[in-house]
Amino acid sequence: MKIICVGRNYVDHIKELSNDRPTDPVIFIKPDTALLDSSQAFYYPSFSKDVHYELELVYRIGKVGKNIESKFAHKYIDAIGLGIDFTARDVQSRLKEKGLPWEKAKAFNGSAFVSSMRPITEADFVSPIDFELQKNGESVQQGNSDLMIWNIEALIADISQYFTLKTGDYIFTGTPAGVGPVAMGDVLSGFLQGDKLFDLAIK
Ligand code: ZN
(Lines give C-alpha, C1' and ligand atoms only; values in the text may rest on other atoms or scores of the structure.)
Protein backbone atom coordinates (compact mmCIF):
# COMPACT_ATOMS: atom_id res chain seq x y z
CA MET A 1 0.00 0.00 0.00
CA LYS A 2 1.22 3.47 -0.79
CA ILE A 3 -0.05 6.94 -0.05
CA ILE A 4 0.07 9.39 -2.92
CA CYS A 5 -0.25 13.05 -1.99
CA VAL A 6 -0.95 16.12 -4.07
CA GLY A 7 0.57 19.47 -3.18
CA ARG A 8 -0.69 22.91 -4.20
CA ASN A 9 -4.13 21.87 -5.44
CA TYR A 10 -6.08 24.82 -3.97
CA VAL A 11 -5.34 28.39 -5.02
CA ASP A 12 -6.09 29.88 -1.58
CA HIS A 13 -3.57 27.53 0.08
CA ILE A 14 -0.91 28.27 -2.58
CA LYS A 15 -1.31 31.95 -1.70
CA GLU A 16 -1.05 31.46 2.07
CA LEU A 17 2.34 29.73 1.66
CA SER A 18 3.46 32.15 -1.11
CA ASN A 19 4.06 29.27 -3.53
CA ASP A 20 3.74 29.43 -7.32
CA ARG A 21 0.71 27.92 -9.02
CA PRO A 22 1.96 24.69 -10.65
CA THR A 23 1.38 23.82 -14.31
CA ASP A 24 1.19 20.08 -13.52
CA PRO A 25 0.06 18.37 -10.31
CA VAL A 26 2.73 18.32 -7.58
CA ILE A 27 2.97 14.71 -6.36
CA PHE A 28 4.80 13.11 -3.47
CA ILE A 29 4.55 9.72 -1.79
CA LYS A 30 4.42 8.56 1.81
CA PRO A 31 5.39 5.00 2.78
CA ASP A 32 3.01 2.60 4.56
CA THR A 33 4.74 3.40 7.87
CA ALA A 34 3.27 6.92 7.62
CA LEU A 35 -0.29 5.60 7.90
CA LEU A 36 -2.15 6.44 11.11
CA ASP A 37 -5.63 4.98 11.46
CA SER A 38 -8.52 6.25 13.53
CA SER A 39 -7.80 3.90 16.44
CA GLN A 40 -4.52 5.70 17.16
CA ALA A 41 -3.35 9.10 18.42
CA PHE A 42 -0.80 11.34 16.73
CA TYR A 43 2.45 11.57 18.73
CA TYR A 44 4.30 14.84 18.27
CA PRO A 45 7.71 14.03 16.75
CA SER A 46 10.88 15.13 18.52
CA PHE A 47 12.54 16.54 15.37
CA SER A 48 10.06 19.37 14.83
CA LYS A 49 8.71 22.35 16.76
CA ASP A 50 6.16 23.36 14.11
CA VAL A 51 3.97 20.44 13.01
CA HIS A 52 0.97 21.60 10.96
CA TYR A 53 -2.33 19.92 10.13
CA GLU A 54 -3.51 19.84 6.49
CA LEU A 55 -7.02 18.43 6.12
CA GLU A 56 -7.59 16.74 2.75
CA LEU A 57 -10.18 14.72 0.88
CA VAL A 58 -8.86 11.17 0.57
CA TYR A 59 -9.88 8.59 -2.03
CA ARG A 60 -9.10 4.87 -1.83
CA ILE A 61 -8.19 2.85 -4.90
CA GLY A 62 -10.40 -0.21 -5.49
CA LYS A 63 -8.59 -1.89 -8.38
CA VAL A 64 -5.23 -1.98 -10.08
CA GLY A 65 -4.64 0.44 -12.94
CA LYS A 66 -1.96 2.15 -15.02
CA ASN A 67 -2.37 4.92 -17.64
CA ILE A 68 -5.99 5.47 -16.63
CA GLU A 69 -7.96 7.96 -18.73
CA SER A 70 -9.80 10.56 -16.66
CA LYS A 71 -13.18 9.47 -18.06
CA PHE A 72 -12.65 6.00 -16.56
CA ALA A 73 -10.96 7.14 -13.34
CA HIS A 74 -14.13 6.88 -11.22
CA LYS A 75 -14.11 3.09 -11.77
CA TYR A 76 -10.84 2.82 -9.86
CA ILE A 77 -12.07 4.42 -6.62
CA ASP A 78 -14.04 2.51 -4.02
CA ALA A 79 -14.18 4.84 -1.01
CA ILE A 80 -13.85 8.40 0.16
CA GLY A 81 -12.90 9.88 3.51
CA LEU A 82 -10.70 12.49 5.12
CA GLY A 83 -7.03 12.58 5.92
CA ILE A 84 -4.51 14.81 7.61
CA ASP A 85 -1.22 15.34 5.83
CA PHE A 86 0.86 16.19 8.92
CA THR A 87 3.74 18.41 7.92
CA ALA A 88 6.81 19.44 9.94
CA ARG A 89 6.72 22.96 8.51
CA ASP A 90 10.06 24.00 10.03
CA VAL A 91 11.80 20.97 8.54
CA GLN A 92 10.02 21.50 5.21
CA SER A 93 11.08 25.16 5.04
CA ARG A 94 14.73 24.22 5.54
CA LEU A 95 14.49 21.51 2.85
CA LYS A 96 12.66 23.79 0.40
CA GLU A 97 15.29 26.51 0.81
CA LYS A 98 17.93 24.06 -0.36
CA GLY A 99 15.75 22.50 -3.04
CA LEU A 100 15.87 19.12 -1.28
CA PRO A 101 13.16 16.42 -1.19
CA TRP A 102 10.35 16.76 1.37
CA GLU A 103 10.19 13.28 2.86
CA LYS A 104 11.66 14.11 6.28
CA ALA A 105 9.00 16.82 6.66
CA LYS A 106 6.02 14.97 5.24
CA ALA A 107 6.54 11.20 5.15
CA PHE A 108 7.56 10.44 8.74
CA ASN A 109 5.76 7.80 10.85
CA GLY A 110 2.18 8.82 11.58
CA SER A 111 2.19 11.70 9.08
CA ALA A 112 -0.73 10.29 7.05
CA PHE A 113 -3.83 10.09 9.19
CA VAL A 114 -6.78 8.45 7.40
CA SER A 115 -10.32 8.54 8.83
CA SER A 116 -12.93 5.85 8.46
CA MET A 117 -13.94 5.71 4.78
CA ARG A 118 -17.40 5.49 3.24
CA PRO A 119 -18.23 3.83 -0.10
CA ILE A 120 -17.97 6.20 -3.04
CA THR A 121 -21.23 7.08 -4.86
CA GLU A 122 -22.01 8.51 -8.28
CA ALA A 123 -23.06 11.77 -6.61
CA ASP A 124 -19.50 12.19 -5.31
CA PHE A 125 -18.33 12.79 -8.89
CA VAL A 126 -21.01 15.30 -9.87
CA SER A 127 -21.79 17.29 -6.72
CA PRO A 128 -19.32 19.38 -4.77
CA ILE A 129 -18.08 17.75 -1.56
CA ASP A 130 -17.54 20.01 1.42
CA PHE A 131 -15.35 19.21 4.38
CA GLU A 132 -14.21 20.93 7.54
CA LEU A 133 -11.58 20.66 10.25
CA GLN A 134 -12.13 21.80 13.80
CA LYS A 135 -9.31 22.22 16.29
CA ASN A 136 -10.52 21.98 19.90
CA GLY A 137 -14.07 22.67 18.69
CA GLU A 138 -13.19 25.73 16.59
CA SER A 139 -13.45 25.66 12.80
CA VAL A 140 -10.00 26.14 11.21
CA GLN A 141 -10.33 24.78 7.65
CA GLN A 142 -13.28 24.65 5.27
CA GLY A 143 -12.78 22.99 1.90
CA ASN A 144 -14.80 22.11 -1.15
CA SER A 145 -13.88 19.70 -3.93
CA ASP A 146 -15.08 22.29 -6.47
CA LEU A 147 -12.10 24.49 -5.58
CA MET A 148 -9.45 21.94 -6.53
CA ILE A 149 -7.27 22.91 -9.47
CA TRP A 150 -7.25 19.22 -10.53
CA ASN A 151 -10.23 17.05 -9.58
CA ILE A 152 -9.81 13.40 -8.59
CA GLU A 153 -10.31 12.11 -12.14
CA ALA A 154 -7.63 14.44 -13.50
CA LEU A 155 -5.30 13.50 -10.65
CA ILE A 156 -5.70 9.76 -11.29
CA ALA A 157 -5.03 10.30 -15.00
CA ASP A 158 -1.83 12.18 -14.15
CA ILE A 159 -0.59 9.97 -11.29
CA SER A 160 -1.24 6.69 -13.16
CA GLN A 161 1.08 7.73 -15.98
CA TYR A 162 3.95 7.41 -13.49
CA PHE A 163 2.77 4.93 -10.86
CA THR A 164 0.64 1.80 -11.02
CA LEU A 165 -2.30 2.33 -8.70
CA LYS A 166 -3.02 -0.70 -6.55
CA THR A 167 -5.99 -1.79 -4.48
CA GLY A 168 -5.86 -0.12 -1.07
CA ASP A 169 -3.68 2.82 -2.12
CA TYR A 170 -4.79 6.21 -0.82
CA ILE A 171 -4.77 9.50 -2.70
CA PHE A 172 -4.58 12.68 -0.62
CA THR A 173 -5.90 15.47 -2.83
CA GLY A 174 -4.32 18.58 -1.30
CA THR A 175 -5.34 21.01 1.40
CA PRO A 176 -7.37 24.22 1.26
CA ALA A 177 -6.33 27.37 3.15
CA GLY A 178 -6.22 27.54 6.91
CA VAL A 179 -3.32 25.23 7.72
CA GLY A 180 -1.79 25.79 11.12
CA PRO A 181 0.13 24.28 14.03
CA VAL A 182 -0.94 21.53 16.40
CA ALA A 183 0.16 21.18 20.01
CA MET A 184 0.12 18.30 22.47
CA GLY A 185 -3.34 18.12 24.03
CA ASP A 186 -5.18 19.36 20.92
CA VAL A 187 -8.06 17.41 19.45
CA LEU A 188 -8.68 17.59 15.70
CA SER A 189 -12.18 16.74 14.40
CA GLY A 190 -13.02 16.20 10.75
CA PHE A 191 -16.39 16.58 9.03
CA LEU A 192 -17.34 15.30 5.58
CA GLN A 193 -20.54 16.89 4.26
CA GLY A 194 -21.57 17.64 7.82
CA ASP A 195 -20.89 14.14 9.19
CA LYS A 196 -18.18 13.86 11.81
CA LEU A 197 -15.68 11.24 10.66
CA PHE A 198 -13.04 11.52 13.35
CA ASP A 199 -11.66 12.96 16.56
CA LEU A 200 -7.89 12.70 16.67
CA ALA A 201 -5.86 13.42 19.80
CA ILE A 202 -2.39 15.01 19.58
CA LYS A 203 -0.12 13.53 22.27
ZN1 ZN B 1 -1.00 18.29 1.86
Please indicate, with yes or no, whether at least one residue in the range 51-71 is open to solvent by 70 Å² or more (accessible area, probe 1.4 Å), among the charged types (D, E, K, R) and without any contact (Cβ under 8 Å) to a residue 40 or more places away in the chain. no
Could you figure out which of (1) at pLDDT below 95; (2) open to solvent by less than 20 Å² (accessible area, probe 1.4 Å); (3) not hydroxyl-bearing (Ser, Thr, Tyr) isn't true of Phe86? (1)
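Of all the residues that make up the range 51-71, how many are hydroxyl-bearing (Ser, Thr, Tyr) and within 13 Å of the ligand (Cβ to nearest atom)? Show your work before the answer.
So the first thing to find is which residues in the range 51-71 are hydroxyl-bearing (Ser, Thr, Tyr), and the list is 53, 59, 70.
When the remaining residues are screened for being within 13 Å of the ligand (Cβ to nearest atom), the result is 53.
Residues that pass the stated criteria total 1.
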Tell me which residues, restricted to the range 165-186, are away from the ligand (no atom under 16 Å from the Cβ) and over 17 Å from Val114 (Cβ atoms). Ala183, Met184, Gly185, Asp186
Would you tally the residues in the range 109-123 being buried (at least 20 other Cβ atoms within 10 Å of the Cβ) and either touching a helix residue (DSSP H, G or I) at 6+ places or on another chain (Cβ under 8 Å) or in a helix (DSSP H, G or I) (or both)? 2
Would you list the strands (runs of 3 or more DSSP E) that sit entirely within the range 134-203 and hold 1 or more residues that are open to solvent by 40 Å² or more (accessible area, probe 1.4 Å)? 138-144, 187-192, 195-201
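The values are calculated or read from the model by the stated rules, or taken from the named source; none is laboratory data. Keep in mind it's a predicted model, so treat the numbers as computed, not measured. Note that each Cβ is placed from the backbone with ideal geometry, even for glycine, and that neighbours are counted across all protein chains shown. These accessible areas exclude ligands, DNA and RNA; they are computed on the full protein's heavy atoms, side chains included. Shrake-Rupley method; radii C 1.70, N 1.55, O 1.52, S 1.80 Å.
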